[in-house]
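Engineer: One structure, pasted below without further comment.
Laboratory data are not the source of any read-out in this text; all were calculated from the coordinates shown. Predicted model only: the values in this text are computed from it and were never measured. Every residue, glycine among them, receives a Cβ derived from its backbone with ideal geometry; neighbour counts consider all protein chains shown.
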Amino acid sequence: MDQHIAESIGRPDLIRLDDRLVCLRFETMKVVSALAAVRHLLDTGVVRRGDTLLDSSSGIYAYALALACHRYGMRCHIVGSTTVDHTLRTQLAVLGATLEQMEPCSDLKLDQKRRVVRIHEILAEHPEYHWMRQYHDDIHYLGYRAIADGIREATGADGLTVVGGVGSGASTGALARYLRAADDGPDDGLGAGPDSDAADRPGGRAADVALVGVQPYGSVTFGAEHVSDPEIIIAGIGSSIPFGNVSHELYDTLHWISFDAALAGSVDLLRRHAVFAGLSTGAGYLAARHEHERSPERTVLFLAADTGHRYVDTVYARHREAVPVEGLAPRDVTDRSQLALPWSRMHWNRARA
């Protein structure tokens with residue numbers, strides 16, 4: 001029996017959509033990393049119950065951290081994106097979290113930079129606060145070990161392709177680290193962080209796990225800042241600032257997907273498979289379908305990080321505009337100078353940043 005609702009929310013479902021096409025569906029994915037990170041900080045004495053934990057968020061992590069703080073008796077202070085909606089604001093308030101939301105801004109790149117500036121201002125005023133640094137601290141990898149174990153048990157790890165938004169690197173990066181590991185040795189704390197050699201442990205062959213990252217145009221993480229999407233940069237899977245816990249060398253292939261294409265993917269996923277998920281999931285679904293078609297002998301698993309509720313007005317209400325996904329295909333490129341909307345694909349070959 002779970003001791004707190006956060007534990008239940010963080011437990012994903014594995015849904016087989018087609019032969020060798022699997023969806024790893026979360027209600028709120030970042031609860032996994034927030035719970036494990038806060039527990040690790042308490043266990044190691046970095047923070048104590050009653051301390052204030054601080055971070056910036058476009059939405060999902062704010063809710064996750066608020067739940068983790070509620071679970072462990074901490075205070076929570078969030079500098080929120082302009083995209084944080086009324087439902088989330090209300091939940092955070094009732095959970096006891098403090099939210100500072102950025103003023104309305106059409107440029108999400110500027111919104112992200114302003115949030116970082118505000119974080120530093122708050123730390124100057126309250127040096128006793130602990131900044132969670134979800135975009136930079138590899139403690140956010142820890143919670144995905146159990147998820148990887150569940151995937152390995154259900155699907156096996158050999159011949160597996162994992163597809164998902166890159167974001168801070170904690171979800172897809174951590175899953176690849178743990179799934180590629182040659183053995184199931186004891187949890188060694190931060191062994192799955194960006195600088196870990198967990199995939200090269202002695203004692204066995206590393207599993208055949210390919211990692212496919214999904215990015216929006218305009219994100220600097222893999223060098224697409226020179227191409228802008230007229231609709232939006234998909235918050236949560238890309239960034240206008242460098243993220244410290246993205247391990248570029250984990251990724252085999254990258255897909256850059258526009259808002260319109262991701263919208264089509266989200267609508268098709270709901271219509272065809274009844275999975276109601278967010279915009280980044282629609283992008284991941286498109287990429288997963290393509291990788292599945294290219295390599296039908298491999299099991300392709302894609303991440304659905306959250307539900308579609310906060311995208312009802314911006315995505316699902318526009319379902320009649322969605323183009324058929326069968327008519328969408330990526331442009332294969334060999335250099336980032338060739339990137340173009342609505343969808344580009346490139347072999348990354350586990351290169352460093």
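Engineer: Can you sort Lys113, Lys30 from fewest to most other Cβ atoms within 10 Å of each residue's own Cβ? Write out the running numbers ahead of the final one.
Structural biologist: On the way: Lys113 13, Lys30 30.
Starting with the residue having the fewest Cβ neighbours, the order is Lys113, Lys30.
Engineer: Report the antiparallel proportion of the DSSP beta bridges in the chain as a percent, rounded to a multiple of 5. Mind showing how you got there, number by number?
Structural biologist: On the way: 12 of 47 bridges.
Restricted to the chain, the bridges split so that about 25 percent are antiparallel.
Engineer: If you take the C-alpha gyration tensor of the chain, multiply each eigenvalue by 5 and take the square root, what semi-axes do you get, largest first, in whole Å? Can you show the working numbers first?
Structural biologist: Values: eigenvalues 167, 124, 74 Å².
Those come to 29, 25, 19 Å.
Engineer: OK, next. List the residues, sorted by chain then number, that are 5 or more residues from Val79 or on another chain and whose placed amide H is less than 5 Å from its amide H.
Structural biologist: Asp55, Ser56, Ser57, Glu100
Engineer: Can you compute the charge dipole magnitude of the chain about its Cα centre, using +1 on each Lys and Arg Cβ and -1 on each Asp and Glu Cβ, nothing else charged? Give it in debye, rounded to the nearest 20. Present the calculation step by step, with values, prior to reporting the outcome.
Structural biologist: Values: 36 positive and 46 negative charges, 61 e Å.
It comes to approximately 300 debye.
Engineer: Still on this structure, I have one more. Multiply the residue gap between His226 and His70 by 0.36 nm, knock off their C-alpha separation, and tell me the result in nm, one decimal place. Let's see the in-between values first.
Structural biologist: On the way: separation 156, 0.36 × 156 = 56.16 nm, distance 4.07 nm.
Using 0.36 nm per residue and subtracting the Cα-Cα distance, I get 52.1 nm.
Engineer: Calculate the FRET efficiency for Arg48 and Val312 from the Cβ-Cβ distance with a Förster distance of 45 Å, rounded to the nearest 0.05. Intermediate results must be reported in sequence, preceding the final value.
Structural biologist: On the way: r = 40 Å, r/R0 = 0.89.
Plugging the Cβ-Cβ distance into 1/(1 + (r/R0)^6) gives 0.65.
Engineer: May I pose another question? Test of understanding: what is the full-extension gain from Arg39 to Arg205, defined as 0.36 nm times their sequence separation minus their Cα-Cα distance?
Structural biologist: Gain on extension, Arg39 to Arg205, equals 56.6 nm.
Engineer: How much FRET efficiency would the formula 1/(1 + (r/R0)^6) give for His86 and Ser295, where r is the Cβ-Cβ distance and R0 is 30 Å, rounded to 0.05?
Structural biologist: Details: r = 43 Å, r/R0 = 1.42.
After rounding to 0.05, the efficiency reads 0.10.
Engineer: If you take the C-alpha gyration tensor of segment 69-141, multiply each eigenvalue by 5 and take the square root, what semi-axes do you get, largest first, in whole Å? Present the calculation step by step, with values, prior to reporting the outcome.
Structural biologist: Numbers: eigenvalues 78, 61, 32 Å².
Ellipsoid half-lengths, sorted descending, are 20, 17, 13 Å.
Engineer: Where does segment 120-165 land on Rg/Rh, using Cα atoms and the Kirkwood Rh? All intermediate terms of the calculation are to be shown ahead of the outcome.
Structural biologist: Numbers: Rg = 17.2 Å, Rh = 13.8 Å.
Radius of gyration over Kirkwood radius for segment 120-165 works out to 1.25.
Engineer: Which percent of Cα pairs goes in each bin when the distances of segment 7-136 are cut into 5 angstrom slices starting at zero?
Structural biologist: 2, 10, 20, 20, 19, 12, 8, 5, 2, 1, 0
Engineer: Amide H neighbours of Leu21 under 5 Å, counting only residues 5+ apart in sequence or on other chains, H built in-plane at 1.01 Å?
Structural biologist: Val300
Engineer: Test of understanding: ordering Phe259, Phe276 by Cβ neighbours within 10 Å, fewest first, what list do you get?
Structural biologist: Details: Phe259 22, Phe276 17.
Least crowded to most crowded, the residues run Phe276, Phe259.
Engineer: Compute all pairwise cysteine Cβ distances in the chain, then list the cysteines with no distance under 4.7 Å to another cysteine.
Structural biologist: Cys23, Cys105
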